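Enquirer: First the structure, which I've put down as structure tokens, then a few questions once you've had a look.
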Amino acid sequence: MRICLKGGRIVDPSQKLEGRRDLLIEDGRIVAVEPEISPGEARIIDLSGKTVVPGFIDLHVHLREPGFEEKETIASGTAAAAAGGITTLAAMPNTEPAADSAAVVELVREKAAAAGHCRVYPVGVLTRGRRGREPAAFSELYDAGVRAFSDDGSPVADSGLFLRILRQLARFPGVLVMAHSEDLSLVAGGLLHEGAVSKKLGLPGIPAAAETVAVARDIILAQAAGVPLHLSHLSTAASVELLAWAKERGFPVTAEVTPHHLLLTDEEICRSGARAKVNPPLRTAKDCRALLEALRTGLIDIIATDHAPHTPAEKAAGLEEAPCGIAGLETAVPMLLTELVGKGKLSLPDLVQAFSCRPAELLGLEGGTLRPGAPADLVVLDLEAEGVIDPAGFYTRARQSPFAGFSYRGRPVMTMVGGEIKMEQGVVHGAKS
């Protein structure tokens, strides 16, 4: 089928392209991007006044299935991704059973293909069962197509074991280790960032050092092993300094930041309670500024949501009992467009670079570009659309968010994967809202 998207503003940093263009799609791929296209027999979609960008790619998503389907399913999570303009995601392995075998990896792929909402790349574990005791079956997982590995949420505490794992993974071409950098001995039952807010509330805090100590260790061990390291969900200004130190020395280290660590501070706990309880915790305004500056300059490479859904009942249990996690797939793009792009803190090309182009490069994916020959994975944005974040309309099962009630200006209005329209005007085809 031929589709011609006419009259839209194309923003594609992979080609340094920004301007009004027509875009022709055939057999699921982009075949032309030109100022004017006469498509012949084709479905024509008028995108005058809209902006077309490469589909967003989220390298840190918890789909929960198998094992925790009450929180999320692969079908509901990928529908939420399509609703949020995300065409590709990496599914983290903290499921039950964990993604430590080819069978679990294949199950995730099959479920994602059956849902059909977006592309899904399973992340494999670092240790068997994510128990931190012995290396995973890396050859089996690699042969199953896994290229990223993490024990996300359960950092490998034993440095000797972690170094052994890194050295084993260094033997596999194209592998990326995604580190959850956290010293659990320093967390010690903390509920939020250790600082003025935790003291005001009289609650145990989590010091910034719980992250930065582990970031330093992980960088040094990855350098010793000679394996590319990706630092997940950085949250502190000190972590940014360590990242800069590593990159200045040419270490193969990359990093991500979440929308909530860019846009919210620990003060949000006072308003949202457990809805704003995340790991790592929301930090201070100083940390937010450091993270944004690092993203703006390219020191932090990518944006990822760390979408971590929980049931409403779990989040309603109160700050002390509720699990950590924010449902981020459907709020990321509108909030980033509003708070960063709309306020001149980050350009739209830089946002697309961090949330599409660079993630594709990092995992060696075909997406992240609108070049002819690339898969037609794209998102149409209406930068003038206004509204209010309403979790009642989410596709994710986790219908609670600290962004609830926030006003936005700019949102995805169409998501296309492989030349097929998956979402139009907020409605995901074939999904239950």
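Enquirer: Kindly check whether there is at least one residue in the range 221-232 that is over 19 Å from Leu363 (Cβ atoms), surrounded by 23 or more Cβ atoms within 10 Å (Cβ to Cβ) and among the aliphatic types (A, V, I, L, M).
Expert: no
Enquirer: List pairs: first residue in the range 148-162 and in contact (Cβ under 8 Å) with a residue 24 or more places away in the chain, second residue of a type in the set (Lys, Arg) and surrounded by 17 or more Cβ atoms within 10 Å (Cβ to Cβ) anywhere in the structure, Cβ distance under 7 angstrom, at least six positions apart or on different chains.
Expert: Here the result reads Asp151/Arg130; Ser154/Arg130; Ser159/Arg217, each pair linking the range 148-162 to a residue that is of a type in the set (Lys, Arg) and surrounded by 17 or more Cβ atoms within 10 Å (Cβ to Cβ).
Enquirer: Among the residues of the range 375-390, write down those that are surrounded by fewer than 19 Cβ atoms within 10 Å (Cβ to Cβ) and either under 21 Å from Ala115 (Cβ atoms) or assigned by TED's automatic domain parsing to the domain that holds Ala83 (or both).
Expert: Hits for the range 375-390: nothing passes.
Enquirer: Just to verify a result, which residue in the range 315-357, among those that are touching a Lys or Arg at 6+ places or on another chain (Cβ under 8 Å) and outside any loop (DSSP other than H, G, I, E, B), is surrounded by the fewest Cβ atoms within 10 Å (Cβ to Cβ)?
Expert: Looking at the filtered set, the residue picked out is Asp350.
Enquirer: For the range 193-254, which helices (runs of 4 or more DSSP H) that fit wholly inside it have 2 or more residues that are at pLDDT 95 or above and over 21 Å from Phe162 (Cα atoms)?
Expert: 196-201, 237-248
Enquirer: Please find, among Pro228, Pro252, the residue that is closer than 19 Å to Leu59 by Cβ, in the same structural domain as Ala317 (by TED's automatic domain parsing) and in contact with a Ser or Thr (Cβ under 8 Å, 6 or more places away or on another chain).
Expert: Going through Pro228, Pro252 in turn, just one is closer than 19 Å to Leu59 by Cβ, in the same structural domain as Ala317 (by TED's automatic domain parsing) and in contact with a Ser or Thr (Cβ under 8 Å, 6 or more places away or on another chain): Pro228.
Enquirer: From the list Leu295, Leu263, which one is touching a residue at least 60 places away in the same chain (Cβ under 8 Å) and in the same structural domain as Met92 (by TED's automatic domain parsing)?
Expert: Leu263
Enquirer: Taking the range 395-409 on its own, how many of its residues are under 24 Å from Glu267 (Cβ atoms) and surrounded by 19 or more Cβ atoms within 10 Å (Cβ to Cβ)?
Expert: 6
Enquirer: Among the residues of the range 408-427, which ones are closer than 24 Å to Ile30 by Cβ and part of a loop (DSSP other than H, G, I, E, B)?
Expert: Gly418, Gly419, Gln425
Enquirer: Is there a residue being out of contact with any strand residue (DSSP E or B) (no Cβ under 9 Å at 6 or more places or on another chain), of a type in the set (S, T, N, Q) and closer than 30 Å to Pro252 by Cβ anywhere in the range 339-349?
Expert: yes
Enquirer: Going by what's in this entry, would Thr95 be described as buried (at least 22 other Cβ atoms within 10 Å of the Cβ), assigned to a strand (DSSP E or B) and either charged (D, E, K, R) or out of contact with any Ser or Thr (no Cβ under 6 Å at 6 or more places or on another chain) (or both)?
Expert: no
Enquirer: Collect the residues in the range 180-227 that are over 26 Å from the mean Cα position of the chain (by Cα), within 20 Å of Asp151 (Cβ to Cβ) and of a type in the set (S, T, N, Q), keeping them in residue-number order.
Expert: Listed by number, the list holds a single entry, Ser185.
Enquirer: Can you tell which of Leu59, Leu47, Leu24 is of a type outside the set (Phe, Trp, Tyr), closer than 16 Å to Pro375 by Cβ and crowded, with 19+ Cβ neighbours inside 10 Å?
Expert: Leu24 is the lone residue from the list that is of a type outside the set (Phe, Trp, Tyr), closer than 16 Å to Pro375 by Cβ and crowded, with 19+ Cβ neighbours inside 10 Å.
Enquirer: Can you tell me which residue within the range 146-173, out of those that are in contact with a Pro (Cβ under 8 Å, 6 or more places away or on another chain) and part of a loop (DSSP other than H, G, I, E, B), is nearest to Ala98 (Cα to Cα)?
Expert: It comes out as Asp151.
Enquirer: Another question, then. How many residues are under 21 Å from Ala304 (Cβ atoms) and not in a helix (DSSP H, G or I) when one looks only at the range 257-276?
Expert: Total satisfying the criteria: 5.
Enquirer: Still on this structure: Has the range 393-407 got any residue that is in a strand (DSSP E or B) and not assigned by TED's automatic domain parsing to the domain that holds Glu268?
Expert: yes
Enquirer: Only one residue in Ser14, Ser38 is of a type in the set (Gly, Ala, Ser) and crowded, with 18+ Cβ neighbours inside 10 Å, so which one is that?
Expert: Ser14
Enquirer: Is it the case, given these coordinates, that Tyr121 is closer than 30 Å to Gly418 by Cβ and in contact with a Phe, Trp or Tyr (Cβ under 6 Å, 6 or more places away or on another chain)?
Expert: no
Enquirer: Also, I was wondering about something else. Assuming Arg371 fulfils every condition listed in (1) surrounded by 17 or more Cβ atoms within 10 Å (Cβ to Cβ); (2) within 21 Å of Lys50 (Cα to Cα); (3) touching a helix residue (DSSP H, G or I) at 6+ places or on another chain (Cβ under 8 Å) apart from one, which condition is it?
Expert: (1)
Enquirer: Taking the condition of being among the polar types (S, T, N, Q) and more than 21 Å from Ile74 (Cβ to Cβ), how many residues in the range 292-322 meet it?
Expert: Matching residues across the range 292-322 total 1.
Enquirer: Report yes if some residue within the range 335-357 is in the same structural domain as Pro281 (by TED's automatic domain parsing) and in contact with a His (Cβ under 6 Å, 6 or more places away or on another chain); otherwise report no.
Expert: No, every residue in the range 335-357 fails to be in the same structural domain as Pro281 (by TED's automatic domain parsing) and in contact with a His (Cβ under 6 Å, 6 or more places away or on another chain).
The values are calculated or read from the model by the stated rules, or taken from the named source; none is laboratory data. The model shown is predicted, which means the values in this text are computed figures rather than measured ones. Positions of Cβ are backbone-derived with ideal geometry, glycine not excepted, and every protein chain shown enters the neighbour counts.
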